[in-house]
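*Asks:* Got a structure for you, questions after.
The values are calculated or read from the model by the stated rules, or taken from the named source; none is laboratory data. Because the structure is predicted, anything quoted here is derived from the model rather than measured. Heads up, the Cβs are rebuilt from the backbone with ideal geometry, glycines too, and the neighbour counts pull from every protein chain shown.
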Amino acid sequence: MIGWIDTVIQGVLLGGLYALFAVGLSLIFGIMRLVNLAHGDLIVLAAFVILVISRALGLNIFVALVLAAPILFGIGYALQHFLLNRTLGRDILPPLLVTFGLSIIVQNGLLEAFSADSRRLDADALETASIALGGGLAVGVMPLMTLVSAVAVIFALNYLFYRLPLGRAFRATSDDPEIAQLMGVDNRRIFALAMGLAMVVTAIAALYLGTRATFDPSIGPARLLYAFEAVIIGGLGSLWGTLAGGVIIGLAQTIGAHINPEWQILAGHVAFLVVLVLRPRGLFPRAVD
Amino acid sequence: MALLETRKLTAFYRDFQALFGIDTRLEAGETVAIIGANGAGKSTYLKAITGLLGGEPESVWFDGKPIGALAPAEIMQLGISMVPEGRRLFPSMTVEENLLIGNYGRSVPGHWSIEAIFELFPRLRERRHQSSTTLSGGEQQMTAIGRALMSNPRVLLCDEISLGLAPIVIRDIYQALPRIKATGTSVMLVEQDIVQAMKVADRIYCFQEGRISLTGNPSALTREQIHVAYFGS
């Protein structure tokens, strides 16, 4: 029984990581209807940026994250401003093709710069620290921080969207880009800011990705897949839904692994398919689409 | 010098020409109505002024400066605000949020604030926390007008504000226009409802198939003239 409770706890905590992967994707799709196929590779890129800063300056990875965040914001802003804004229009194919190409470029660029070796972000004593829950149960501090960070990121984004003028501009652009312009909203700037913001969230996701397991330039597409599944399970446009989606995949994976270690990944995908069959619009779809 | 002027304004939808050299003037403090049948080019004309169609720099002038090639957000920041056809409120937002987004690009001191909008349309105060999708057509139109006023515009463009509304609601909405005008805002109305338009306008332009077929002071125009200009001879 303890084994099952532990499995569920670990699944929920793992869901925090998948939610962090997914929030950036959800943000971008929600605001500009852009499906960013390079999202997984951008998470890996962010992990390398944190790695380089932490190694070069001899900093703790959390401090390195604080320094990496503005750099990644800038990368996201520039990417949208100079490249992706040009692909947006009525045709959905150009952004798909361009972000697919970007995914290949980022992967190969990272391979060229850092080789195919596996890396890790070193969180020192935190990596092994755990909190005893009693009854032989314990949770790792890092997995717990991952889930807490996911919840905090979603709280912060919801605060931005529902309380601040910039957030209203994001929502207005998402609702009706033409009319948003008549409110003085410069859509292209809003899109660039959104991509910058998504990259900051990506950096947070990358920190936990890099401390949980090793990473190398090729692992991006699989992260994209988990992110996609979490977004779609949750229902497009709802960040809390995205968190729920992440938790469902996390739970399915740990439960699958508990039954048979080979089933871990498969169980996550099966859970996704089941939700898709039962609730094609996801668990928490937006009322207005 | 007119506050807002179009000079030989043309507009195209791909190969289809919707406007053929439109010359119009709106003086400061004036209310001008654009009337005409469906498809005459009235809404296209407003879209061209707001920058949504992207045109020649010197086809639209505002306060003595050419604005025809500016982006919609830049034009709004200068003080030209629009109530779009069909209201087009932001569906994910409440009434209050729809009003608040109205001055996102232009926040200047002036008569209009959220409180002033609630005084103009008291029903909106009761509905302020409701989703804009739950409002009646009239309330939606009031919100759309309020949203456009929030930026204290110098020119308010209104596209078919009576469309699809009950006569009693149309009356309420048109009663607000003189109060808007009294704050110094110039108004450009596009209307199919000739009667309403003639009541409030200082001057009218009648559009027919993308051209101006008649212009003048409503009191000086005869029914016959308007009929011919509206429907063709």
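*Asks:* Could you list, in sequence order, all residues of the stretch A:184-241 that are aromatic (Phe, Trp, Tyr), crowded, with 23+ Cβ neighbours inside 10 Å and closer than 24 Å to A:Leu283 by Cα?
*Replies:* If the condition is that a residue be aromatic (Phe, Trp, Tyr), crowded, with 23+ Cβ neighbours inside 10 Å and closer than 24 Å to A:Leu283 by Cα, then A:Tyr226 is the only one that fits.
*Asks:* Give B:Cys206, B:Cys158 a once-over and let me know the one that is crowded, with 24+ Cβ neighbours inside 10 Å and more than 13 Å from the chain's Cα centre (by Cα). Steps first, please.
*Replies:* Details: B:Cys158 fails: more than 13 Å from the chain's Cα centre (by Cα).
Exactly one of B:Cys206, B:Cys158 is crowded, with 24+ Cβ neighbours inside 10 Å and more than 13 Å from the chain's Cα centre (by Cα), namely B:Cys206.
*Asks:* When the residues of the stretch A:143-156 are narrowed to those that are surrounded by fewer than 19 Cβ atoms within 10 Å (Cβ to Cβ) and in contact (Cβ under 8 Å) with a residue 12 or more places away in the chain, which ends up farthest from A:Met32 (Cα to Cα)? It would help to see each step written out before you state the result.
*Replies:* Here is the first cut: in the stretch A:143-156, the residues surrounded by fewer than 19 Cβ atoms within 10 Å (Cβ to Cβ) are A:144, A:148, A:151-152, A:155-156.
Pick out the ones that are also in contact (Cβ under 8 Å) with a residue 12 or more places away in the chain and you get A:144, A:148, A:151.
Values: A:Leu144: 32, A:Val148: 27, A:Val151: 23 Å.
Going through the qualifying residues, I end up with A:Leu144.
*Asks:* Of all residues in the stretch B:200-233, which are touching a helix residue (DSSP H, G or I) at 6+ places or on another chain (Cβ under 7 Å) and either charged (D, E, K, R) or within 29 Å of B:Leu149 (Cβ to Cβ) (or both)?
*Replies:* If the condition is that a residue be touching a helix residue (DSSP H, G or I) at 6+ places or on another chain (Cβ under 7 Å) and either charged (D, E, K, R) or within 29 Å of B:Leu149 (Cβ to Cβ) (or both), then B:Val200, B:Ala201, B:Ile204, B:Cys206, B:Phe207, B:Pro218 are the ones that fit.
*Asks:* Give the stretch A:163-176 a look and list any residue that's in a helix (DSSP H, G or I) and either touching a Leu at 6+ places or on another chain (Cβ under 9 Å) or facing another protein chain (nearest Cβ under 8 Å) (or both), or say none.
*Replies:* First, pick out the residues of the stretch A:163-176 that are in a helix (DSSP H, G or I): A:163, A:165-175.
Residues satisfying the conditions are A:Pro165, A:Leu166, A:Gly167, A:Arg168, A:Ala169, A:Phe170, A:Arg171, A:Ala172, A:Ser174, A:Asp175.
*Asks:* Now a separate question. Looking at (1) outside any loop (DSSP other than H, G, I, E, B); (2) at the interface with chain A (Cβ under 10 Å from one of its Cβ atoms); (3) in contact (Cβ under 8 Å) with a residue 40 or more places away in the chain, find the lone condition where B:Leu177 falls short.
*Replies:* Of the numbered conditions (1) outside any loop (DSSP other than H, G, I, E, B); (2) at the interface with chain A (Cβ under 10 Å from one of its Cβ atoms); (3) in contact (Cβ under 8 Å) with a residue 40 or more places away in the chain, the odd one out for B:Leu177 is (2).
*Asks:* Please enumerate the residues belonging to the stretch A:126-140 that are surrounded by 10 or more Cβ atoms within 10 Å (Cβ to Cβ) and in a strand (DSSP E or B). Working first, answer last.
*Replies:* First, the residues of the stretch A:126-140 that are surrounded by 10 or more Cβ atoms within 10 Å (Cβ to Cβ): A:126-131, A:133, A:135-140.
A:Ser130, A:Ile131, A:Leu133, A:Leu137, A:Ala138, A:Val139, A:Gly140 - these are the residues of the stretch A:126-140 that are surrounded by 10 or more Cβ atoms within 10 Å (Cβ to Cβ) and in a strand (DSSP E or B).
*Asks:* The conditions are (1) free of Cβ contacts under 8 Å to residues at least 12 places away in the same chain; (2) under 11 Å from the mean Cα position of the chain (by Cα), and A:Arg55 fails exactly one of them. Which is it?
*Replies:* It is condition (2) that A:Arg55 fails.
*Asks:* Has the stretch B:219-226 got at least one residue that is assigned to a helix (DSSP H, G or I), modelled with pLDDT under 90 and of a type in the set (Val, Ile, Thr)? Spell out the reasoning first.
*Replies:* Taking the stretch B:219-226 as the starting set, the residues that turn out to be assigned to a helix (DSSP H, G or I) are B:219-220, B:223-226.
If we keep only those that are modelled with pLDDT under 90 as well, we get B:219-220, B:223-226.
Okay, now just the ones that are also of a type in the set (Val, Ile, Thr), so B:226.
Within the stretch B:219-226, one or more residues are assigned to a helix (DSSP H, G or I), modelled with pLDDT under 90 and of a type in the set (Val, Ile, Thr).
*Asks:* Which one is nearest to the other protein chains (Cβ to nearest Cβ) among residues in the stretch B:73-103 that are more than 17 Å from A:Val185 (Cα to Cα) and of a type in the set (Val, Ile, Thr)?
*Replies:* Among residues in the stretch B:73-103 that are more than 17 Å from A:Val185 (Cα to Cα) and of a type in the set (Val, Ile, Thr), the one nearest to the other protein chains (Cβ to nearest Cβ) is B:Thr94.
*Asks:* Is there a residue in the stretch B:49-72 that is at the interface with another protein chain (Cβ under 10 Å from one of its Cβ atoms) and under 20 Å from A:Leu166 (Cβ atoms)?
*Replies:* Residues of the stretch B:49-72 that are at the interface with another protein chain (Cβ under 10 Å from one of its Cβ atoms), as a first pass: B:50-52, B:71-72.
Those left that are additionally under 20 Å from A:Leu166 (Cβ atoms): B:71-72.
The answer is yes; a qualifying residue exists.
*Asks:* A follow-up question, please. So which of B:Glu115, B:Glu85, B:Glu58 is surrounded by fewer than 19 Cβ atoms within 10 Å (Cβ to Cβ), of a type in the set (Asp, Glu) and out of contact with any strand residue (DSSP E or B) (no Cβ under 8 Å at 6 or more places or on another chain)? It would help to see each step written out before you state the result.
*Replies:* Values: B:Glu85 fails: out of contact with any strand residue (DSSP E or B) (no Cβ under 8 Å at 6 or more places or on another chain); B:Glu58 fails: out of contact with any strand residue (DSSP E or B) (no Cβ under 8 Å at 6 or more places or on another chain).
Within the list B:Glu115, B:Glu85, B:Glu58, the selection yields B:Glu115.
The rows are residues; the columns are (1) without any contact (Cβ under 8 Å) to a residue 40 or more places away in the chain; (2) in contact with a Leu (Cβ under 9 Å, 6 or more places away or on another chain).
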position: B:Thr10; (1), (2): no, yes
position: B:Tyr13; (1), (2): yes, yes
position: B:Lys42; (1), (2): no, no
position: B:Tyr45; (1), (2): no, yes
position: B:Ala48; (1), (2): no, yes
position: B:Gly51; (1), (2): yes, yes
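*Asks:* What about A:Ile179, is it assigned to a helix (DSSP H, G or I) and within 14 Å of chain B (Cβ to nearest Cβ)? If you could, list the steps in order and put the result at the bottom.
*Replies:* Numbers: assigned to a helix (DSSP H, G or I): yes; within 14 Å of chain B (Cβ to nearest Cβ): yes.
So A:Ile179 passes the test.
*Asks:* With respect to A:Ile249, determine if the residue is more than 14 Å from every other protein chain (Cβ to nearest Cβ), more than 18 Å from the chain's Cα centre (by Cα), β-branched (Val, Ile, Thr) and closer than 16 Å to A:Gly11 by Cα.
*Replies:* Numbers: more than 14 Å from every other protein chain (Cβ to nearest Cβ): yes; more than 18 Å from the chain's Cα centre (by Cα): no; β-branched (Val, Ile, Thr): yes; closer than 16 Å to A:Gly11 by Cα: yes.
The answer is no for A:Ile249.
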